[in-house]
Each structure stands twice: as structure tokens, then as C-alpha cells.
1. Treat the count of other C-beta atoms within 10 Å as a stand-in for reagent exposure and order V201, V189 from fewest to most.
2. Would you mind getting me the FRET efficiency between E294 and E363? Use the beta-carbon distance for r and R0 = 22 Å, nearest 0.05.
3. Run the lone-cysteine check on the chain: no other Cys C-beta under 4.7 Å from the residue's C-beta.
4. Using the Cβ atoms and a cut-off under 10 Å, what net charge is assigned to the surroundings of W321, where Lys and Arg are +1 and Asp and Glu are -1?
5. I need the phi-derived Karplus couplings for segment 460-471: 6.51 cos²θ - 1.76 cosθ + 1.60, θ = phi - 60°, integer Hz, Gly and Pro marked x.
6. Determine the alpha carbon to alpha carbon distance for each of K298/K371; K371/K441; K96/K340; K371/K445; K380/K441 and list only those over 22 Å.
7. What number comes out for the charge environment of P401, summing +1 per Lys or Arg and -1 per Asp or Glu over other residues with Cβ under 14 Å away?
8. Counting only C-alpha contacts under 8 Å and six or more residues apart, can you give the relative contact order of the chain as a whole percent?
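What follows draws every value from the coordinates through simple rules; no lab data is involved. All values derive from a computational prediction rather than experimental measurement. Here Cβ is always computed from backbone atoms with ideal geometry, including for glycine, and neighbour counts include all displayed protein chains.
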Amino acid sequence: KCYDELGCLETGGAFFDEIRRPFVLTPHDRDMIKVQYLLYTRDKPEATMLCWNSSLETVRDSPFNASRPTKFIVHGYLDTVYFGAWMTEMKNAYLKNADMNVFIVDWSGGNGPAYETAVVNARIAGAEIAFLVRKLEVAFGANASTMHIIGHSLGAHVAGYAGHNITRLGRITALDPAEPFFEGMPQEVRVDRSDADFVDVIHTDSHPYLSKIGVSEGMGMEEAVGHVDFYPNGGQIMPGCDLPNRWLSMISEGFIKGVRDIVSCHHQRAVHYMLDSIENQNCVPLSFECPSYEAFKKGQCRDCGEDGSACAPMGEQADVWRPHKQDRERRMYGVTNAQKPFCAYPYLVTIRTGDQLKRANAEGTISLTTKQGGKSVTFKVNKSFMEFLPNSTYTFLTTSPAMISDYTKLALRFKSPLFFTTANLPLLDVQIQPLTANVPKSMAKAATRRFCPPWDPQGISSFGTVTLKKC
């Protein structure tokens, strides 16, 4: 079927699969979907509305400025500008940080109620964005390479369809792109690294769809489809999305946001992480290339490589990694906090034990405390009780609530599950490596700090705290 200036769309072929996409539907007409664009600038913070059928003259009369970068924010299935407050929050954050053109794309006339209908209508929404970009190029001499489309869920694929129809689009950020009817499909069907000069993806709900009901929904893709794909916390289970916290969000975030968290907390986390990266640019949510999240947690991927390409900041600042892009998948793993601010300060902590003590039991947890800005900052090295064997090495991935800059007052506490018996840890030393900056492999060792406890033949008692000093 053909759609005037948008051209003709194929409904079979690559867009049909007996298992992954077992339906053939024709997208609605343009005047049914009625894509609208709300344009915001610093000069004119009130919305200027442009429509799918706005004339070139109407576009030319808008406050768009081609000398500024441009952002398009695109919602997904069943979402709207009014129900999805995240779009307004993201627009506000962008304009607070820099002078730019920000479009909120409203395609709610075609994103439901049936999911299959929204899936096929997403192609029209993407083509409409591309058509608007062409109008901006004619009216203002705009350059698509300065444009960035951010899409959530089904909106990520809308961004892909737009990029497929735009020559030299600068960037697409896909926020947990929708899985159903897209996972495993050819690149023209879903968002793909070929859709823009740089495509970065954040995966937060990547279990197979509805495979773990009650734990996560599996609404997002697991497949790596960008130049760089981020899997925070492994990309499947997000901290802070357990059922008690979901219900608490009804109180802390209000009814609408609370409902969104109850229904799709993991899926929504990609939006929160992106928004946090715009609002909180002093913290860089660094992620590291690794074979798996389990390998990352074990400290097997702890540097950025000699050229700095083995790590990247997740979110708005991911663009600094663009020079390292290749036409292949690159999977990055990192960690976040459970609540806002989500940007965490990750550290690899290595515990080395010495010879066995007379009191051999060394089961417990270890926590470290330091002073930062006059305040005590404490973080757990291991969160659950475990046995520390003699002459062994243990590496833990942990996070601190604040950047550690002062190591002169570092204290260690060993806590045992035994209430009536003292447990003694034969601690040899503690090594701390920050994962908070792009450090080449050759400098990773130099960035690691080593601390030793005061000598005590009895080791570290579970009933006290010891001060560590540089070895």
C-alpha cells in the first residue's frame, strides 16, 4: 500500500515470519494516525505544534533553529504525551543543559489498542518523522547529522524506521526496544545499527517475553542491535523493581507513575537511566565490554583496553564512544543504584587472606567505610555471608553511594553470623580498583590501591572495626 509522500510499504516478505511475526496487517492511513510534533526551544518554551500534514510554510514559521542540535523523543505502545510524563521531563532536562530544538513525537493515534496494530503503525510514525526532517532540511537547511532520536519500547523501532528513511541521521538511542514481533527479525524490521551514524541501546527487561511472570515482564529485546548495547545489571532484573518497591512507587511517585512501575518497572528503567544521565552529568555510568554479566561481576573485565574502546558511558554521554564504533555488536555491562540517582560508583574490591588461624572459622560479610566531604560513606563488599578460606583471593563488584577520593581513613568491619562465638578473618590485604573512569589497560594496575590491616596474630575479629593503611 502507498501513502502519498511517504511512499509504499511492503507488508509481507521480511515483515512476516511464521513464528516471530505471524501476521500480515496493513498500517492505518496517515489521517487516522495523525502524528503530531510538539516543538520546544529555550526561546519559546511553550509548545509549538506541527502536524503530519503541516505545510512547508507552517514549518518555516516555527521557532526551529538549524544552528542548534535537535532531539526527537518518541513514546511506545499505548503511551501518550500526557500519560508519559517522562517525555516532558526529558525535554526539560535537555533544555536546561543546552540550547536546542526538542520535538516530542505524539503518535498515540496509531499505537493501540491492539499491539499488532501498533506494531505495523510504527512504520508510518517513523516515516512521518523522516518526512518532517526533509521539510526541516528544505525550510531551514537543517543537517540530519545533528539530529538525535530517542525512542522507548516500540518507539525505539519507530526511531529505526525514521532513520532508515533519513540520509545521514546522526544518532538513535533505543531505550529497551520492544521484543514481541521484533526479536530475531531482519534488520529492516527492527531498529538496527544501519539506521543512523551511531546507534546506542539500553536493555533493561530482556528476559524472553512473559517467561518469568512475577519477576520481570520480558518486554524488551535481548538481541544486540546497535553499535554499542548496554546491559545494566545484566539487562534483565533491575534493582529497585522488586514487588514491594513497585507498590511503594504509588506513594513516592504518584498514581500514574506508580501504575507504570507496577506493570512494567524493568521496562521503564531504561527511560529512567537515560533521564538520569541527562540530569546528572557529573556522574558517568561507565560500562565495560565483557562476555557476560557474570564474568563482569567476577572482575574479569576491569579496564577499557589500550585504545579505550572496551568501556563506554551509558546514556546521553555514550556519544563519546562513537569513534570506536564498528559494524558488529559490542555488549557492555555495568551497574546502577536501586533508586534515583541511578548512576552508581562501581569498584572492584579484592580480598586476600593469609595463613590459617587457630580459630579457623572466617564466615561473614565485609564492609568498608571512608570519609568523603566530612561524611562517612559505607558500602558492603559482600552482601551475603560467605566463608573466607586461608591463602585465597576473592574479588567482588560493589558500588559506593559516592565517589571515593580520600582513602586516608579507610576502615574495615568483618561481621559474622555467629552471635556467641568470635570469628576471625586472616586478612592479608585489600585492593580497590575504581571503575569510574576510562582507564587504559596499561594504567589499570596503577589505578588500583592496596591497603593492609595492622598486624594481629589473631586476624580481624568479627566484634570490631580496624583501620586500613596503604601497604
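1. The order, fewest Cβ neighbours first, is V189, V201.
2. On the way: r = 23 Å, r/R0 = 1.05.
For R0 = 22 Å, the calculated efficiency reads 0.45.
3. C51
4. Details: positive: R322, K325, R330; negative: D200, D319.
That works out to +1.
5. 9, 6, 6, 9, x, 10, 10, 8, 9, 10, 4, 6
6. On the way: K298/K371 27 Å; K371/K441 29 Å; K96/K340 19 Å; K371/K445 24 Å; K380/K441 26 Å.
Over 22 Å Cα-Cα: K298/K371; K371/K441; K371/K445; K380/K441.
7. Values: positive: K340, K371, K375, K380; negative: none.
It works out to a net charge of +4.
8. On the way: 1105 pairs, mean separation 47.5, N = 471.
That works out to 10 percent.
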